[in-house]
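Chemist: Below: one structure in structure tokens.
The values are calculated or read from the model by the stated rules, or taken from the named source; none is laboratory data. From a predicted model like this one, the values you see are computed outputs, not experimental measurements. Cβ atoms come from the backbone with ideal geometry, glycine included; neighbour counts cover every protein chain shown.
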Amino acid sequence: MIEVKNIDKSFDDNHVLKNISAVFETGKTNMIIGQSGSGKTVLMKSIIGLHRIDKGRIEYDGRNLPDMRMSEVRVLRREVGMLFQGSALFDSMSVLENVMFPLEMFSSDSKEEMLERAHICLKRVNLEEKSFELTPGEISGGMQKRVAIARAIALKPTYLFCDEPNSGLDPKTSLIIDQLIHEITEEFEITTIINSHDMNSVMEIGDNILFIENGEKAWQGNKEDIFHVDNKELNDFVFASDLFKKVKKVHQKKL
Amino acid sequence: MLMNRVFVLPDRGKMFFRQFPKELEKLGLQSLPIVVIISLFIGAIMTIQTKLNTENPLLPTYSTGLVTRDTLLLEFSSTIMCLILAGKVGSNIASEIGTMRITEQIDALEIMGVNSANYLILPKITAFVVMMPFLVIFSMALGLIGGYLVAFFTNVITTADYLTGIQYAFIPYYVFYSVVKSLVFAFVISSVASFYGYFSYGGALDVGKASTNSVVNASVLILFFNLLITNLMLS
């Protein structure tokens, strides 16, 4: 579980995060949603430690990140997997080498065991063996995301962060990636935090949703609660499209 | 600050020793073609120009070879070659690391708990510092061969005079001086380029700017250190 308590973050005079507190639960897909510029990326980067917060606590199962020394942060990060918006695969390495990289860097397993683990991870994300020797430039965006997920779970992380996992993907592939993240989260009991403004993802896999508005926590709940909440900003954001307005109506009629 | 993170023991020694030969090949061996071409041509041109400027009956006929040799040993093969390599190798390093930065590959390394500065930069600096003296000595030899080819194929100077000139009053210390300079220059080129690449941000245009800045600043620093080392070692 990751718990953030009263965190503030400013860039010069720009107060981006204002007194945010939230709990991100283990085994659930925790989503941070909000408009562009609302501060959700800064929040995620602050939780990971890429931004140093001005005030507050970020507790990874009780371990407060801002109190840690750099060497301790590095050790903690070995428990963290991250899926970047652009996948961030290493261009100079093949698909298999990308997944092997964290294992070779931190695992004390034998070469055979590492290869076996890399194959398991790649097969878990439904990649065929014939693509293992290709470089990231030779595979599609959807496949790159899958490789990035495989790399993120290679070291059996306790925490998984996903920054806009569906960006640049077609709706069908987005759905597959969403389901994959959700399955992996439940299967390996990971604390997953997803930064997204894709409403399909929110409705599909949002176990715990944190809505950020102008750097402040505006609402927190799950995908069922979202239909009944009386928050104008949230409703404007989630039900902006006609399709989602209709979905809301249908849902309310059902009830 | 960056160098504090670079010069620490690698997280995994075997990963460093896997990267190191790749960098030797990429930064050193792949620079050989340009070193060969430029050294041969400059050696040849220098011989012709030196002969032209030493057309004096009072000067011995072997002086052309002597001047060509000393110019190559003292300045061309170390300083000028390093300025050229600042362009080739410096831009290569800055653009590679800069692209990794803007495509979040460096962030990915950091999130994994890898010391990205150490993993990416240390093999480049060490490999280039190791390769540079060989490139410089190779350049010296090729420059002298370029001069010999001029003597052999033209009537600018006889091969006998040229060979006498390049052997006359040879001072081995000049080679040592050049090698020392090349080690410093190699460090300057690779560290400056790594710095600009590592701290680049934005998009492709910014990586281009980082690459240009690294070449310009490394070149200025090379000239500064050239003056400093020459003053220390030769004056």
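Chemist: Hey, does segment B:52-63 have a residue that's among the acidic types (Asp, Glu), free of Cβ contacts under 8 Å to residues at least 40 places away in the same chain and within 30 Å of B:Val150 (Cβ to Cβ)?
Modeler: Of segment B:52-63, the ones among the acidic types (Asp, Glu) are B:55.
Imposing the further condition that a residue be free of Cβ contacts under 8 Å to residues at least 40 places away in the same chain reduces the set to B:55.
Narrowing the set further to residues that are within 30 Å of B:Val150 (Cβ to Cβ) leaves B:55.
Checking segment B:52-63: at least one residue is among the acidic types (Asp, Glu), free of Cβ contacts under 8 Å to residues at least 40 places away in the same chain and within 30 Å of B:Val150 (Cβ to Cβ).
Chemist: Sort through A:Leu210, A:Leu234, A:Leu243, A:Leu255 and tell me the only one that's at pLDDT 75 or above and out of contact with any Asp or Glu (no Cβ under 9 Å at 6 or more places or on another chain). Don't jump to the end; show me each part of the working.
Modeler: Working: A:Leu234 fails: out of contact with any Asp or Glu (no Cβ under 9 Å at 6 or more places or on another chain); A:Leu243 fails: at pLDDT 75 or above; A:Leu255 fails: at pLDDT 75 or above.
One residue alone meets the criteria, A:Leu210.
Chemist: Answer yes or no: is there a residue in segment A:129-151 that is of a type in the set (D, E, K, R), outside any helix (DSSP H, G or I) and within 14 Å of chain B (Cβ to nearest Cβ). Don't jump to the end; show me each part of the working.
Modeler: First pass over segment A:129-151, keeping only residues of a type in the set (D, E, K, R): A:129-130, A:133, A:138, A:145-146, A:151.
After this cut, where a residue has to be outside any helix (DSSP H, G or I) as well, the list is A:133.
Remaining after also requiring within 14 Å of chain B (Cβ to nearest Cβ): none.
No, there is no match, as no residue in segment A:129-151 is of a type in the set (D, E, K, R), outside any helix (DSSP H, G or I) and within 14 Å of chain B (Cβ to nearest Cβ).
Chemist: Just name the residue that is farthest from A:Thr191 (Cα to Cα) out of those in segment A:4-44 that are under 15 Å from the mean Cα position of the chain (by Cα), among the charged types (D, E, K, R) and surrounded by 15 or more Cβ atoms within 10 Å (Cβ to Cβ).
Modeler: A:Lys40
Chemist: Can you spot a residue in segment A:72-82 that is surrounded by fewer than 22 Cβ atoms within 10 Å (Cβ to Cβ), of a type outside the set (Gly, Ala, Ser) and away from chain B (no Cβ under 13 Å)?
Modeler: Within segment A:72-82 (the criterion being surrounded by fewer than 22 Cβ atoms within 10 Å (Cβ to Cβ), of a type outside the set (Gly, Ala, Ser) and away from chain B (no Cβ under 13 Å)), the answer is no, since none of the residues qualifies.
Chemist: Check B:Gly98, B:Gly87 and return the single one that is assigned to a helix (DSSP H, G or I) and either more than 14 Å from chain A (Cβ to nearest Cβ) or touching a strand residue (DSSP E or B) at 6+ places or on another chain (Cβ under 7 Å) (or both). Give the steps one after another, and end with the answer.
Modeler: Details: B:Gly98 fails: either more than 14 Å from chain A (Cβ to nearest Cβ) or touching a strand residue (DSSP E or B) at 6+ places or on another chain (Cβ under 7 Å) (or both).
So the residue among B:Gly98, B:Gly87 that is assigned to a helix (DSSP H, G or I) and either more than 14 Å from chain A (Cβ to nearest Cβ) or touching a strand residue (DSSP E or B) at 6+ places or on another chain (Cβ under 7 Å) (or both) is B:Gly87.
Chemist: Restricting attention to segment A:185-206, does a residue exist that is of a type in the set (Phe, Trp, Tyr), within 28 Å of A:Gly49 (Cβ to Cβ), part of a helix (DSSP H, G or I) and not assigned by TED's automatic domain parsing to the domain that holds A:Asn98? Give the derivation first.
Modeler: If we filter segment A:185-206 for residues that are of a type in the set (Phe, Trp, Tyr), which is where we start, we get A:188.
Of the ones still in play, those that are also within 28 Å of A:Gly49 (Cβ to Cβ) are A:188.
Applying the additional criterion that residues be part of a helix (DSSP H, G or I) yields A:188.
After this cut, where a residue has to be not assigned by TED's automatic domain parsing to the domain that holds A:Asn98 as well, the list is A:188.
So far as segment A:185-206 goes, yes, one or more of its residues are of a type in the set (Phe, Trp, Tyr), within 28 Å of A:Gly49 (Cβ to Cβ), part of a helix (DSSP H, G or I) and not assigned by TED's automatic domain parsing to the domain that holds A:Asn98.
Chemist: Under 7 Å by Cβ, and 6 or more places apart or on different chains, what pairs join a residue from segment A:115-131 that is touching a residue at least 24 places away in the same chain (Cβ under 8 Å) with one that is assigned to a loop (DSSP other than H, G, I, E, B) and surrounded by 15 or more Cβ atoms within 10 Å (Cβ to Cβ)?
Modeler: From segment A:115-131, the pairs are A:Arg117/A:Ala154; A:Ala118/A:Ala154; A:Cys121/A:Ala154; A:Leu122/A:Phe132; A:Ser131/A:Ile139.
Chemist: Would you be able to say whether some residue in segment B:213-224 is in contact with a Phe, Trp or Tyr (Cβ under 6 Å, 6 or more places away or on another chain), β-branched (Val, Ile, Thr), more than 17 Å from B:Ile137 (Cα to Cα) and in contact (Cβ under 8 Å) with a residue 60 or more places away in the chain? Step through it out loud before you land on a result.
Modeler: Just the residues of segment B:213-224 that are in contact with a Phe, Trp or Tyr (Cβ under 6 Å, 6 or more places away or on another chain), to begin with: B:213-214, B:222.
Subsequent filtering for residues that are β-branched (Val, Ile, Thr) retains B:222.
Next, from what is left, pick out any that are more than 17 Å from B:Ile137 (Cα to Cα): B:222.
Subset that is in contact (Cβ under 8 Å) with a residue 60 or more places away in the chain: B:222.
Checking segment B:213-224: at least one residue is in contact with a Phe, Trp or Tyr (Cβ under 6 Å, 6 or more places away or on another chain), β-branched (Val, Ile, Thr), more than 17 Å from B:Ile137 (Cα to Cα) and in contact (Cβ under 8 Å) with a residue 60 or more places away in the chain.
Chemist: Taking the conditions exactly as written (without any contact (Cβ under 8 Å) to a residue 12 or more places away in the chain, touching a Gly at 6+ places or on another chain (Cβ under 6 Å) and of a type outside the set (Ser, Thr, Tyr)), does A:Arg78 satisfy them or not?
Modeler: Considered against the rule, which asks whether it is without any contact (Cβ under 8 Å) to a residue 12 or more places away in the chain, touching a Gly at 6+ places or on another chain (Cβ under 6 Å) and of a type outside the set (Ser, Thr, Tyr), A:Arg78 comes out as no.
Chemist: Now, a different point. Of A:Leu210, A:Leu175, A:Leu234, A:Leu180, which residue is over 23 Å from A:Gly86 (Cβ atoms), assigned to a helix (DSSP H, G or I) and not assigned by TED's automatic domain parsing to the domain that holds A:Glu97?
Modeler: Numbers: A:Leu210 fails: assigned to a helix (DSSP H, G or I); A:Leu175 fails: over 23 Å from A:Gly86 (Cβ atoms); A:Leu180 fails: over 23 Å from A:Gly86 (Cβ atoms).
That would be A:Leu234, the only listed residue that is over 23 Å from A:Gly86 (Cβ atoms), assigned to a helix (DSSP H, G or I) and not assigned by TED's automatic domain parsing to the domain that holds A:Glu97.
Chemist: Scan segment A:122-139 and tell me whether some residue there is outside the structural domain of A:Met44 (by TED's automatic domain parsing) and closer than 17 Å to B:Val114 by Cβ. Spell out how you get there, then give the answer.
Modeler: Here is the first cut: in segment A:122-139, the residues outside the structural domain of A:Met44 (by TED's automatic domain parsing) are A:122-139.
When the remaining residues are screened for being closer than 17 Å to B:Val114 by Cβ, the result is none.
No, segment A:122-139 has no match at all.
Chemist: Let me ask something additional. Condition first: more than 8 Å from chain A (Cβ to nearest Cβ), among the hydrophobic types (A, V, I, L, M, F, W, C) and either touching a residue at least 40 places away in the same chain (Cβ under 8 Å) or not in a helix (DSSP H, G or I) (or both). Now tell me which residues in segment B:101-129 satisfy that. Outline the logic, then answer.
Modeler: Restricting attention to segment B:101-129, the residues satisfying the condition of being more than 8 Å from chain A (Cβ to nearest Cβ) are B:101-102, B:106, B:109, B:116-129.
Retained after the next criterion (residues that are among the hydrophobic types (A, V, I, L, M, F, W, C)): B:102, B:106, B:109, B:117, B:120-122, B:125, B:127-129.
Result: B:Ile102, B:Ile106, B:Ala117, B:Leu120, B:Ile121, B:Leu122, B:Ile125, B:Ala127, B:Phe128, B:Val129.
Chemist: Please go through segment A:83-92 and give me each residue that is within 8 Å of chain B (Cβ to nearest Cβ) and crowded, with 19+ Cβ neighbours inside 10 Å, ordered by number. Steps first, answer last, please.
Modeler: Taking segment A:83-92 first, the residues within 8 Å of chain B (Cβ to nearest Cβ) are A:84-86, A:88-91.
Those that are within 8 Å of chain B (Cβ to nearest Cβ) and crowded, with 19+ Cβ neighbours inside 10 Å: A:Phe84, A:Ala88, A:Leu89.
Chemist: Among the residues of segment A:120-166, write down those that are under 18 Å from A:Glu183 (Cα atoms), surrounded by fewer than 22 Cβ atoms within 10 Å (Cβ to Cβ) and not hydrophobic (A, V, I, L, M, F, W, C).
Modeler: Passing the criteria: A:Lys123, A:Arg124, A:Asn126, A:Gly142, A:Lys156, A:Thr158, A:Glu164.
Chemist: Which of the residues spanning segment A:45-71 are within 10 Å of another protein chain (Cβ to nearest Cβ), within 28 Å of A:Asp178 (Cα to Cα) and surrounded by fewer than 16 Cβ atoms within 10 Å (Cβ to Cβ)?
Modeler: Of everything in segment A:45-71, just one residue is within 10 Å of another protein chain (Cβ to nearest Cβ), within 28 Å of A:Asp178 (Cα to Cα) and surrounded by fewer than 16 Cβ atoms within 10 Å (Cβ to Cβ), namely A:Leu50.
Chemist: Here's a follow-up. Yes or no: B:Leu40 more than 14 Å from chain A (Cβ to nearest Cβ), within 26 Å of B:Tyr174 (Cα to Cα) and free of Cβ contacts under 8 Å to residues at least 60 places away in the same chain? Walk me through it before giving the result.
Modeler: Details: more than 14 Å from chain A (Cβ to nearest Cβ): yes; within 26 Å of B:Tyr174 (Cα to Cα): yes; free of Cβ contacts under 8 Å to residues at least 60 places away in the same chain: no.
The answer is no for B:Leu40.
Chemist: Looking only at segment B:50-72, count every residue that is surrounded by 15 or more Cβ atoms within 10 Å (Cβ to Cβ) and within 29 Å of the chain's Cα centre (by Cα) and tell me the total.
Modeler: So the answer is 12.
Chemist: Here is a follow-up. Only one of these is touching a helix residue (DSSP H, G or I) at 6+ places or on another chain (Cβ under 9 Å), buried (at least 22 other Cβ atoms within 10 Å of the Cβ) and of a type in the set (Asp, Glu): A:Asp178, A:Asp198. Name it.
Modeler: Numbers: A:Asp198 fails: buried (at least 22 other Cβ atoms within 10 Å of the Cβ).
The match here is A:Asp178.
Chemist: If you don't mind, another one. Mind counting the residues in segment B:73-101 that are β-branched (Val, Ile, Thr), farther than 30 Å from B:Thr50 by Cβ and buried (at least 21 other Cβ atoms within 10 Å of the Cβ)?
Modeler: Narrowing segment B:73-101 to residues β-branched (Val, Ile, Thr): B:79-80, B:84, B:89, B:93, B:97, B:99.
Next, from what is left, pick out any that are farther than 30 Å from B:Thr50 by Cβ: B:93, B:97, B:99.
Filter once more, keeping what is buried (at least 21 other Cβ atoms within 10 Å of the Cβ): B:93, B:97.
Summing the residues that are β-branched (Val, Ile, Thr), farther than 30 Å from B:Thr50 by Cβ and buried (at least 21 other Cβ atoms within 10 Å of the Cβ) in segment B:73-101 gives 2.
Chemist: Just wondering, is there one or more residues in segment B:6-23 that are assigned to a helix (DSSP H, G or I), out of contact with any strand residue (DSSP E or B) (no Cβ under 6 Å at 6 or more places or on another chain) and under 14 Å from B:Leu142 (Cβ atoms)? Before you say what the answer is, go through the steps one by one.
Modeler: Pass one, segment B:6-23, residues assigned to a helix (DSSP H, G or I): B:6, B:13-23.
Subset that is out of contact with any strand residue (DSSP E or B) (no Cβ under 6 Å at 6 or more places or on another chain): B:6, B:13-23.
Applying the additional criterion that residues be under 14 Å from B:Leu142 (Cβ atoms) yields none.
Within segment B:6-23, none of the residues are assigned to a helix (DSSP H, G or I), out of contact with any strand residue (DSSP E or B) (no Cβ under 6 Å at 6 or more places or on another chain) and under 14 Å from B:Leu142 (Cβ atoms).
Chemist: Here's another thing I want to ask about it. Taking only segment A:190-201 into account, find how many residues are at pLDDT below 90 and closer than 21 Å to A:Ala152 by Cα. Walk me through it before giving the result.
Modeler: To start, the set of residues in segment A:190-201 that are at pLDDT below 90 comprises A:196-201.
This time we only want the ones that are closer than 21 Å to A:Ala152 by Cα, so: A:196, A:201.
Going through segment A:190-201 one residue at a time, the tally reaches 2.
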